[in-house]
Amino acid sequence: MNRSVVLSETGNLSVRHQWGKFFQGLFLFSTVIGLIVLGILIVTVVDKTFTLVAVTNKVDPATLADRPLEELSEEELRQILRENLRPARLRTIERDQAPLDEMNQADLTALVTTEIVKPTTRASYPLFQSLTRRAEIEAEIRSEYPDAQIYFKAWLTWDFLQRSMSTKPDLAGVRQAVKGSLWIIFITILVAFPIGVGAAIYLEEYADHRSRINRILQTNIENLAGVPSIIYGILGLAVFVRTLALITSGAVFGVDAGSGRTILSGGLTMALLVLPILIISSQEALRAVPRSLREASYAMGATRWQTIWHHVLPYALPGILTGTILTVSRALGETAPLILVGASSLINKDPQSVFSFFTTLPFQIYNWTVRPQPEFRNIAAAAILVLLAVLLSLNATAIVLRNRLSKRI
Amino acid sequence: MEVSLRHLKRPEESALDVSRRLQKRPRWGEGFIQAFLFFCGAVSILTTIGIVYELGKEALLFFQMPGVTLLEFFTKTEWQPTVGRFGVLPLVSATLVTTVIAMMVAVPFGLGAAIYLSEYASEKARKVLKPALEVLAGIPTVVYGYFALTTVTPFLRIFFGDAINIYNMLSAGLTMGIMIIPLVASVSEDALHSVPNALREGAYAMGATRLETSLQVVVPAALSGIIAGFILGFSRAIGETMIVAIAAGAGPNFTFNPLKAAETMTGYIARISGGDVAYDTPDYNSIFAIGLLLFGISLVLNIISRRISARLREVYE
């Protein structure tokens, strides 16, 4: 308190107002610094997703045919494949994908590219750098890889979304990762939504807040919301992956996956992780329902559950859904627990059931980011763009829903 | 009594029959639903018991291994469970360094943002800025990790040159700080918002400027809530995994130099469990011992934070 006296005595009014202006600027800066960083982050990711690349081919397409591959007929492409691939390799391809005779022109072109031409990105330069000093970069590439083709490459393409995992960044895609994420989220919602809303209804509508057990319940939920996510991963590893391996591997259902590191374990772990957050946000939605609504219903002779089901829940539903969407977007971006539960980057098959092994989009981003080859950072950036697009649209939905809700009240 | 029953009485009934008929019917469905809802609530208790039991059980196995003692665990500075070095300090020191750096970013900026939103911003500006901060809070941490490694570290290299490692605690800590700003800002803003307007008006009446009112009247009045927010942020930083796993480096390193690479507790857990870790090995058990330590620290911090903010609520309600 003494300081205020000192301040007012030492500074005349205009000086004090100048300090005020200065600090107001600082406070505003603190508020927007996060947004500035967010902007830089997005620019970085875009910068790495669209790059100038130097690509060398193992076999020059010009030696395969006198025209570009895209213009060749299906028969000519089949001919090239049969001439250039060993019979064993051909048999493997036909077994894994489809017989050559049944493939269309696009499939065959893709096959010739991946199996024979084998383009490899030798160097890749971020977008803005390449725009500003393209000539220098081209000279650099020419001296190092004389026969390389130089062009702009978008790492995020429709193909990228559909391709399978690969150890080569040029051929890798996020197909299994996207499907894995969807499966996990599906299990998470299926388990966490009913239990979370149920627990919230119990705490808000039934529980006597003076009773000891209910106070413990409430405190416990708040504590759980603050537990680091990796702890849930440890719990999932110990309980779902190890102790309940017979169930989570599907052994008791006759589809043994071999270990408990399955989508089911991942989804259940995620469900436990989001449960406290879901309960707290649903509680808030229920608390916003006016008392008079319940009293009117009771006055008409409705029982407690009739009141909740027919009056309280419909009124609170938009709020509960908003909370659920935000929770889902949190779960979609979560990585750490799934590392422990056993997400694996070596997944080449689409997940078939809850007993399949899995990888997810954030896990794939992590995996690609920590690899030493710089091209993996490019596909990590492309995967980040996919993830951010999904999350931002989820968040936008939640905000729209919330605005509608606040208008209605 | 007689009067009230007259209307309800059917011809053949006595007063006793009527009162029986009006008695509460047993509703098994209602009871069943309530029991189910209670079970839903109890799942969270089961989760807590599960965490404590599993962490405790495996950590106990860890401490029963030959050569592991509590004293060594908390005092030795080398952590190599596979070759019998069980001093957790290098992991703790790295966690501490990254967390302190994060707080040095999150505390001033988070508080500044809270003051701006609560004391300066117009209603319109708040409506835009608050959701924007929420978006920032919704960015997955793995994306922040990517950002730390590919943008923040190269940026820091401009200033430190080769003195700074590719993987370093400074870049991880700074990025983590940015990540925590929204959390600190939102908790502090709630605290500032709950300060009664009378206090501000009193200060204005005494001739204080808005800045003097904010810093010398409102902030001290909301101090306990603000501190609760800082503690929450601290706890969040300690438990954060992906940013440090990507950007702070792999391999325990007992150092307080933020320019060096060092592995945090969470980073260690993520790295060890990343492969197919075999059950009942020193590595596997050590995950649980460190998990228990992490769980204990964040639990204590959360409880302190909630105590403080509960006290604040009492003062102004």
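The values are calculated or read from the model by the stated rules, or taken from the named source; none is laboratory data. The model shown is predicted, which means the values in this text are computed figures rather than measured ones. Positions of Cβ are generated from backbone atoms using ideal geometry, with glycine treated the same way; all protein chains shown enter the neighbour counts. Areas reflect the complete protein model, heavy atoms only, side chains present, ligands, DNA and RNA absent. Shrake-Rupley method; radii C 1.70, N 1.55, O 1.52, S 1.80 Å.
Using every pair of alpha-carbon atoms in segment A:49-154, split the distances into 10 Å bins beginning at 0 and state the percent of pairs per bin, rounded to integers. Computed distribution, short to long bins: 14, 37, 26, 18, 5. For segment B:66-153, pairs of C-alpha atoms spaced more than 22 angstrom apart make up 54 percent of the total. Distance distribution note for the protein assembly as shown: the fraction of Cα pairs above 36 angstrom is 52%. A viscosity of 0.692 mPa s and a temperature of 37 °C, combined with the Kirkwood radius over Cα pairs in Stokes-Einstein, give a translational diffusion coefficient for segment A:175-408 of 170 µm²/s.
Nonpolar atom fraction for segment A:49-154, defined as the carbon and sulfur part of the 1.4 Å probe accessible area, stands at 49 percent.
In segment A:174-208, the residues that give up 20 Å² or more of accessible area when the other protein chains are added, compared with the chain on its own (1.4 Å probe), are A:195, A:198, A:199, A:202, A:206. Loop-resident trypsin sites (Lys or Arg not before Pro) (DSSP state other than H, G, I, E or B) in segment A:305-409 with no more than 13 further Cβ atoms inside 10 Å of their Cβ: A:349. If you run the Gaussian network model on chain A, springs between alpha carbon atoms under 10 Å, then out of A:32, A:178, A:227 the most flexible one is A:32. Each Cα pair under 8 Å and six or more residues apart adds its separation to the average, and for chain B the resulting relative contact order is 24 percent. In terms of accessible area, using a 1.4 Å probe and ignoring ligands and nucleic acids, B:75, A:49 rank largest first as B:75, A:49.
Measuring r between the beta carbons of residue A:43 and residue A:21 and using R0 = 30 Å, the FRET efficiency lands at 0.50. Note on segment A:62-216: percent of Cα-Cα distances in each 5 Å bin, starting at 0 and stopping at the bin with the largest distance, equals 1, 7, 10, 12, 12, 12, 9, 7, 6, 4, 4, 4, 4, 4, 3, 1, 0, 0. Panel values: segment B:256-302, Kirkwood radius from alpha carbon pairs, Stokes-Einstein at 20 °C and 1.002 mPa s, translational diffusion coefficient 179 µm²/s. Taking 30 Å² as the minimum loss, tell me which residues in segment A:18-37 lose that much accessible area going from the chain by itself to the full protein complex (1.4 Å probe). The answer is A:23, A:24, A:27, A:28, A:30, A:31, A:33, A:34, A:35, A:37 - residues whose exposure falls by at least 30 Å² when every protein chain is included.
The Cα-based radius of gyration and maximum Cα-Cα distance (Dmax) for chain A are 28.7, 93 Å. Based on protein heavy atoms only, segment A:175-408 ends up with 40 Å² per residue of surface accessible to a 1.4 Å probe.
For chain B, the fraction of C-alpha pairs farther apart than 25 angstrom is 64 percent.
For a straight C-alpha distance cut-off of 12 angstrom, the aspartates and glutamates reachable from residue A:179 (same-chain residues fewer than eight places away being disregarded) are A:350.
Rolling a 1.4 Å probe over the protein heavy atoms of chain B, with every protein chain left in place, gives an accessible area that is 65 percent carbon and sulfur. Among the residues of segment A:365-385, those with an accessible-area drop of 10 Å² or more from chain alone to full protein complex, heavy atoms and 1.4 Å probe, are A:365, A:366, A:369, A:370, A:377, A:384.
On a per residue basis, chain B carries 46 Å² of accessible surface, using protein heavy atoms and a 1.4 Å probe.
Derived scalar couplings between HN and Hα for segment A:361-371 equal 4, x, 5, 5, 4, 4, 4, 6, 5, 7, 7 Hz in order, rounded to whole Hz, by the Karplus curve 6.51 cos²θ - 1.76 cosθ + 1.60 (θ = phi - 60°), x for Gly and Pro. Here is the interface size for A with B: some 7200 Å² of accessible area buried, both sides summed, with a 1.4 Å probe. Among the listed pairs A:48/A:349; A:48/B:127; A:58/A:168; A:21/B:124; A:58/A:153; A:48/B:260, give every one whose C-alpha distance is greater than 23 Å. From A:48/A:349; A:48/B:127; A:58/A:168; A:21/B:124; A:58/A:153; A:48/B:260, over 23 Å: A:48/A:349; A:48/B:127; A:48/B:260. Carbon and sulfur: what percent of segment A:177-307's accessible surface (1.4 Å probe)? Carbon with sulfur: 65 percent of the solvent-accessible area.
Relative to the longest principal axis of the Cα atoms of chain A, helix A:175-201 runs at roughly 10 degrees.
When all protein chains stay in place and ligands, DNA and RNA are ignored, the 1.4 Å accessible-area order of A:385, A:321, B:192, largest first, is A:321, A:385, B:192.
Computed across segment A:147-283, the Kirkwood hydrodynamic radius from all distinct Cα-Cα pairs reaches 17.9 Å. Using a Gaussian network model of chain B whose springs link C-alpha atoms within less than 10 Å, name the residue from B:291, B:161, B:29 with the highest mean-square fluctuation. Of B:291, B:161, B:29, the Gaussian network model singles out B:29 as fluctuating most. When both segment A:334-384 and segment A:54-117 are represented by their alpha-carbon centers, they are found 29 Å apart.
All alpha carbon pair distances within segment A:294-409 were sorted into 5 Å bins beginning at 0; the resulting P(r) in whole percents reads 2, 10, 13, 13, 13, 11, 9, 8, 7, 6, 4, 2, 1, 0. Per residue, the accessible area of segment A:49-154 comes to 60 Å², computed with a 1.4 Å probe over protein heavy atoms only.
Measuring only protein heavy atoms, the 1.4 Å probe finds residue A:213 accessible over about 90 Å². Applying Stokes-Einstein at 4 °C and 1.567 mPa s to the Kirkwood radius of segment B:163-317, computed over alpha-carbon pairs, gives a translational diffusion coefficient of 71 µm² s⁻¹.
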